[in-house]
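Reading through the structure tokens given below for one structure.
The values are calculated or read from the model by the stated rules, or taken from the named source; none is laboratory data. Remember, it's a predicted structure, so these values are computed and weren't measured experimentally. Don't worry about glycine lacking a Cβ; one is built from the backbone with ideal geometry, like all the others, and counts go over all protein chains shown.
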Amino acid sequence: MGNNEAKRNEYYNKYVENVTPKNNCLANCCKAFITGGAICAIGQLLINLYMMTGMAKDDAVLWETVTLVGISVILTGFNIYPQITAWGGAGSLVPITGFANSVAAPAIEYKAEGEVFGIGCKIFTISGPVILYGVMTSFGLGILYYIQQLLW
């Protein structure tokens, strides 16, 4: 029985090794760089376009942010943003678009469970920890900054 079990484990390990995708770190980094760079370039293009309409730079940046969030949510709704993420990996997690995707994706996925127990309870499952730790870190750094200002 021990010999059969060892043989089975050996076959299983070979099978797992064969079906596990091989990751190329350099290729993944390049894809992430291209994806993140493309999103940032689109953002800069939007800022330039808004400024060409006569907007002040601060207003153009605000509208660019709203536009990128909208585009990200629409692409998530049409299941295109997950494909971008599958190819570009971490490059698609450029803060504003990745955050919008992390809110929209659970809302779409859990919509069938209802507005309260589906969307309401699950919408922040991905982005909730980001919000929590972002707020806590900001609070902690704010207190440190306040103490620093009192001492100097």
(message) So, Phe139, is that one modelled with pLDDT under 80 and more than 10 Å from the chain's Cα centre (by Cα) or not?
(response) no
(message) Which count do you get for residues in the stretch 15-53 that are part of a helix (DSSP H, G or I), surrounded by fewer than 10 Cβ atoms within 10 Å (Cβ to Cβ) and not aliphatic (A, V, I, L, M)?
(response) 3
(message) If I filter the stretch 14-27 for residues that are under 17 Å from Ile71 (Cα atoms) and of a type outside the set (A, V, I, L, M, F, W, C), do I get at least one hit?
(response) no
(message) Condition (residue is acidic (Asp, Glu) and surrounded by 13 or more Cβ atoms within 10 Å (Cβ to Cβ)) applied to the stretch 61-81: is it met by at least one residue?
(response) yes
(message) I need a count of the residues in the stretch 95-124 that are over 13 Å from the mean Cα position of the chain (by Cα) and of a type outside the set (A, V, I, L, M, F, W, C).
(response) 9
(request) Could you tell me which residue of the stretch 83-129 is surrounded by the most Cβ atoms within 10 Å (Cβ to Cβ), considering only residues that are of a type in the set (Ser, Thr, Tyr) and assigned to a helix (DSSP H, G or I)? (result) Thr97
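Consider Gly43 carefully, then state whether it is modelled with pLDDT of 95 or more and within 27 Å of Thr125 (Cα to Cα). Spell out the reasoning first.
Values: modelled with pLDDT of 95 or more: yes; within 27 Å of Thr125 (Cα to Cα): yes.
Taking the combined requirement at face value, the residue satisfies it.
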